[in-house]
Amino acid sequence: MKAKRVELKHPRPAPRRALWVAGALLVVSLLISTAVWADWYYGLPADAQATFVGRQSCVQCHQPEHEQWTGSHHDLAMDVATEATVLGDFNDAELEHYGVTSRMFRQDGKFFIHTEGPDGKLADFEIKYVFGVDPLQQYMVEFDRPADMPEHEIARVQVLRVSWDTKAKKWFHLDPPDVQEKLEPNDELHWTGVAQRWNNMCADCHSTNLQKNFDVATLGYHTTFSEIDVSCEACHGPGSLHVQLAGASSLFWDRNHGYALAGLKGASSQGEIQACAPCHSRRRVVHDEYTAGCNYYDYFSNNLLPAGTYHADGQILDEVYEHGSFLQSKMYHKGIRCTDCHDPHTARLKHEGNKVCTSCHQHPAGKYDSFNHHRHAAGKGGTQCVDCHMPETTYMAVDPRRDHSFRIPRPDLSVKLGTPNACTGCHLKEGVGGSGLESTMLASLKTKEYAEWLRVAASGDEQVQARLAQVDRWADQQLDQWYGKDRKREPHYAEALHAARTGAADAPEQLARLATNGNMPAIARATAAMELAPYVGSDELINQALAKALKDRDPQVRAAAVGSLQGLDSEALTRLAGEMLDDPARAVRVEAGYLLAPLPPLALSRTEKPALQKAIAEAFVAANVDSDRAGGHRMRGVLYENLQQPEKAEAAYRTALRVEPDAVGSRANLAALLVRRVEQSLAQARQLAQSGNAAAARELLAQAGPLEDEANRLRDGELALLEHDALLVPDNAGLQTRLGFLRSLQGWRKEAEDAFRAAYELEPRVAPYAANLATFLRDTGRPREARALIHEALQEHPGNDWLTQMQQELQQIVPTGPTRRN
């Protein structure tokens with residue numbers, strides 16, 4: 001039997017194949033990884049600039065948000081006047097106001113008003129646009145539109161003061177604050193005046209991507225916007241890059257630009273707050289290319305807490321919107337942002353009633369929304385959180401707005417300083433604290449809100465002052481009963497600001513402490529730095545406080561400190577120049593540009609010279625923002641004068657007069673410049689005559705004559721404007737000072753002294769006002785009175801360099817002791 005043949009089979013080379021497979025997978029993985037890495041790495045260029053694309057590009061992916069936004073106050077901020085958008089009664093309705101009867105009517109499908117025009121005559125004006133929707137709607141008329149202007153451009157637009165109350169369904173005349181008289185057609189507050197001009201007063205916050213486009217040569221507007229109302233890109237920034245990224249096939253958003261929109265949802269609340277702030281703050285524009293996502297302080301400088309705008313404790317007084325109040329609050333400093341309370345797209349509150357607050361303030365349950373906390377009976381005033389912590393004031397006649405500083409009522413401060421408090425605001429008209437409303441004046445205020453009581457008290461009415469003080473004391477005693485006389489009374493910046501406003505002897509020390517107290521809100525520190533301006537140079541403590549404020553973490557404080565250093569000499573400014581010019585915030589550098597422009601270049605270091613040139617250029621840009629107002633051109637003129645460029649300064653002042661002929665200041669600046677030219681011509685003429693060149697001397701004298709005549713005409717015109725303004729605002733010390741100088745130049749000695757003395761008595765804490773009056777007394781042959789005044793002023797400003805030098809000069813004229821003034 002044959003043996004069975006056994007065939008040996010070689011095993012398959014599995015390891016080699018696995019190796020190939022692994023290699024192939026590795027290559028594929030590397031290719032995929034490389035492709036993914038490349039997809040991530042090669043995105044948009046780092047310097048790619050987004051442009052505005054309109055809400056239609058947003059709706060495709062964000063339909064729910066668009067539906068929420070539709071019908072919101074942002075959506076209805078402005079619109080073309082149509083049957084669907086006009087809410088007012090234009091069926092031949094009439095409104096009479098100070099002798100002018102306005103009639104609102106329709107014609108050929110359009111809306112018109114028959115009212116007083118810019119020439120003082122009654123005429124018909126077509127309503128082109130509507131403004132707002134609740135609680136009032138305003139109406140706008142377009143002027144100066146050339147026939148060939150492109151359809152998308154808008155000429156000068158004026159906002160009527162005849163307005164529609166959307167709640168009461170009636171017409172009313174929206175008077176300026178505290179103006180209870182007929183406005184003349186040439187008044188800037190008249191509806192055809194510059195204060196009611198949409199292009200420069202309202203437009204940038206009621207439309208998206210607003211470009212003012214004022215042509216200085218023709219004095220005409222060519223204003224444009226990408227969308228007529230406050231649309232998506234107003235808050236989220238221009239969306240072209242976002243749309244491009246969203247439509248791309250990439251796995252990622254962009255490594256450089258992220259979503260390519262404003263960062264509103266970051267860990268810091270600043271992105272969102274600074275996106276809302278430009279339209280919810282009272283501010284000055286320092287650069288006009290802001291879009292959402294930019295740093296606020298590179299484009300704006302917000303108003304602080306000056307008298308006339310805020311009460312001494314920071315509560316709202318004038319129409320200041322929400323941002324300045326919110327910056328004072330503990331909520332702001334704890335990272336709370338606008339959308340914690342407000343829905344970002346409907347712009348409404350997220351909840352009703354106290355739930356807006358208790359959705360966060362809920363530990364333990366019922367701690368705040370209960371009698372134990374608010375101490376008021378259910379169903380009555382005082383049970384809502386906002387009653388005590390967000391008191392309400394009505395602006396624009398019908399628009400109640402709440403203070404957003406979320407403060408605890410402090411009647412103790414009211415008793416001490418006369419500041420408002422929520423308790424008095426609610427209980428003022430009751431019989432609490434003593435007598436009721438027996439007097440005629442008190443009874444007449446029974447239907448008025450708290451703000452009107454405060455205004456009447458500020459005007460000097462003793463009965464109203466007494467009643468307010470009475471209720472303030474009652475409220476303070478009531479809190480003593482509830483919480484004990486040792487209740488918490490935290491130190492408040494109101495004390496320092498009140499001291500500054502009242503000229504207290506220790507005001508400089510209080511302000512210096514506040515300006516450098518990092519535990520106080522930045523806006524209060526900045527206000528203290530601003531209020532220190534009159535004391536600069538009088539005490540090393542003040543100078544040190546402002547020097548420290550220049551290093552503050554908040555740009556508001558640094559900008560205010562720069563603005564207050566005007567009183568320092570050039571040597572002291574030179575020592576601080578580097579720090580100011582190197583500031584990261586443009587708002588601060590602009591202030592530095594204004595302040596340091598007169599410094600001689602040789603005084604600066606090699607690195608400071610180009611930094612100063614950059615700051616001056618930024619200051620010019622800031623002035624150009626207001627090219628449609630005299631103030632912008634006047635500021636350019638001042639900068640040019642500081643840069644020793646008188647020809648350009650003169651051109652700027654003349655442009656200011658052409659842009660706004662009735663503005664105060666431009667004539668005085670131009671007249672002073674012309675007088676200096678005359679003086680230079682006279683000096684040169686004398687030199688030429690002495691050297692035997694009589695012909696050239698006569699030519700210079702002939703040129704000087706017309707310049708002097710023009711300067712006199714300019715001063716006459718300026719004096720008339722100042723006299724008018726001083727009648728309207730008699731308690732403005734700066735206005736009185738300018739009036740004093742002009743009256744003196746015109747030879748009106750008695751009237752000039754009255755103005756200089758009024759300025760000093762209004763602001764005795766401001767050293768220059770004392771020096772101005774003393775100089776006038778000295779130059780009019782009364783050196784003894786001048787010396788007595790300087791002696792008195794030095795009691796308020798011990799060590800002030802200016803006053804001390806003047807005292808030394810007067811001692812040489814009048815070596816005897818000071819004479820008491822009558």
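The values are calculated or read from the model by the stated rules, or taken from the named source; none is laboratory data. These figures come from a predicted structure and were not determined experimentally. Neighbour counts are summed over all protein chains in view; Cβ atoms, including those assigned to glycine, are modelled from backbone coordinates with ideal geometry. Heavy atoms of the whole protein, side chains included, go into the accessibility calculation; ligands, DNA and RNA do not. Shrake-Rupley method; radii C 1.70, N 1.55, O 1.52, S 1.80 Å.
Screening the candidates 456, 471 for the property of being out of contact with any Phe, Trp or Tyr (no Cβ under 6 Å at 6 or more places or on another chain), closer than 27 Å to residue 375 by Cα and of a type in the set (Val, Ile, Thr) yields one hit, 471. Taken over the range 188-214, the criterion of being open to solvent by 40 Å² or more (accessible area, probe 1.4 Å) and in a loop (DSSP other than H, G, I, E, B) is satisfied by 188, 189, 209, 212, 213. Every test in (1) touching a strand residue (DSSP E or B) at 6+ places or on another chain (Cβ under 8 Å); (2) in a helix (DSSP H, G or I); (3) open to solvent by 20 Å² or more (accessible area, probe 1.4 Å); (4) under 20 Å from residue 322 (Cα atoms) is passed by residue 245 save one, and that test is (4).
If you check 119, 124 for being in contact (Cβ under 8 Å) with a residue 60 or more places away in the chain and either in a strand (DSSP E or B) or surrounded by fewer than 16 Cβ atoms within 10 Å (Cβ to Cβ) (or both), only one passes: 119. Scanning the range 219-242 for residues that are surrounded by fewer than 18 Cβ atoms within 10 Å (Cβ to Cβ) and hydrophobic (A, V, I, L, M, F, W, C) yields a count of 2.
The residues of the range 393-409 that are in a loop (DSSP other than H, G, I, E, B), open to solvent by less than 40 Å² (accessible area, probe 1.4 Å) and farther than 25 Å from residue 488 by Cα amount to a single one, 398. In the set 755, 771, only one residue is within 36 Å of the chain's Cα centre (by Cα) and either at positive phi or at pLDDT 90 or above (or both); that residue is 755. State yes or no: is residue 178 modelled with pLDDT under 95, more than 17 Å from residue 90 (Cα to Cα), surrounded by 15 or more Cβ atoms within 10 Å (Cβ to Cβ) and not aromatic (Phe, Trp, Tyr)? Answer is no for this residue. Selection over the range 300-343 of residues that are buried (at least 17 other Cβ atoms within 10 Å of the Cβ), in contact with a Phe, Trp or Tyr (Cβ under 9 Å, 6 or more places away or on another chain) and within 14 Å of residue 407 (Cα to Cα) gives a count of 11.
Looking across the range 456-475, the residues that are of a type outside the set (A, V, I, L, M), open to solvent by 30 Å² or more (accessible area, probe 1.4 Å) and not in a loop (DSSP other than H, G, I, E, B) come down to 462, 463, 465, 470, 473, 474.
Residue-by-condition table, conditions (1) of a type outside the set (D, E, K, R); (2) under 17 Å from the mean Cα position of the chain (by Cα); (3) under 24 Å from residue 578 (Cα atoms):
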position: 506; (1), (2), (3): no, no, no
position: 516; (1), (2), (3): yes, no, yes
position: 520; (1), (2), (3): yes, no, no
position: 527; (1), (2), (3): yes, yes, yes
position: 533; (1), (2), (3): yes, no, yes
position: 543; (1), (2), (3): yes, no, yes
position: 549; (1), (2), (3): yes, no, yes
position: 554; (1), (2), (3): no, yes, yes
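Would you point out the residue of the range 278-299, among those that are part of a loop (DSSP other than H, G, I, E, B) and out of contact with any Asp or Glu (no Cβ under 9 Å at 6 or more places or on another chain), that is surrounded by the fewest Cβ atoms within 10 Å (Cβ to Cβ)? Out of the qualifying residues, it is 289. Report yes if residue 701 is under 26 Å from residue 648 (Cβ atoms), buried (at least 20 other Cβ atoms within 10 Å of the Cβ) and aliphatic (A, V, I, L, M), otherwise no. The answer is no for residue 701. The one condition from (1) under 27 Å from the mean Cα position of the chain (by Cα); (2) open to solvent by less than 30 Å² (accessible area, probe 1.4 Å); (3) aliphatic (A, V, I, L, M) that residue 432 does not meet is (1). Taken over the range 762-809, residues that are open to solvent by less than 30 Å² (accessible area, probe 1.4 Å), of a type in the set (Val, Ile, Thr) and either farther than 22 Å from residue 541 by Cβ or in a helix (DSSP H, G or I) (or both) amount to 1. Scanning the range 746-761 turns up one or more residues that are over 30 Å from residue 501 (Cα atoms), hydrophobic (A, V, I, L, M, F, W, C), open to solvent by 10 Å² or more (accessible area, probe 1.4 Å) and part of a loop (DSSP other than H, G, I, E, B).
Given the options 452, 438, name the one that is of a type in the set (D, E, K, R) and part of a loop (DSSP other than H, G, I, E, B). Checking each option against the conditions leaves just 438. State all residues of the range 296-343 that are closer than 27 Å to residue 265 by Cβ, under 19 Å from the mean Cα position of the chain (by Cα) and of a type in the set (Asp, Glu); if no residue qualifies, say none. Result: 298, 322. Looking at 330, 350, 355, 334, just one residue is among the basic types (Lys, Arg), touching a residue at least 60 places away in the same chain (Cβ under 8 Å) and more than 30 Å from residue 732 (Cα to Cα), and that residue is 330.
Listed here are the residues, each with its yes/no results for (1) more than 30 Å from residue 795 (Cβ to Cβ); (2) open to solvent by 40 Å² or more (accessible area, probe 1.4 Å).
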site: 454; (1), (2): yes, no
site: 489; (1), (2): yes, yes
site: 497; (1), (2): no, no
site: 505; (1), (2): no, yes
site: 519; (1), (2): yes, yes
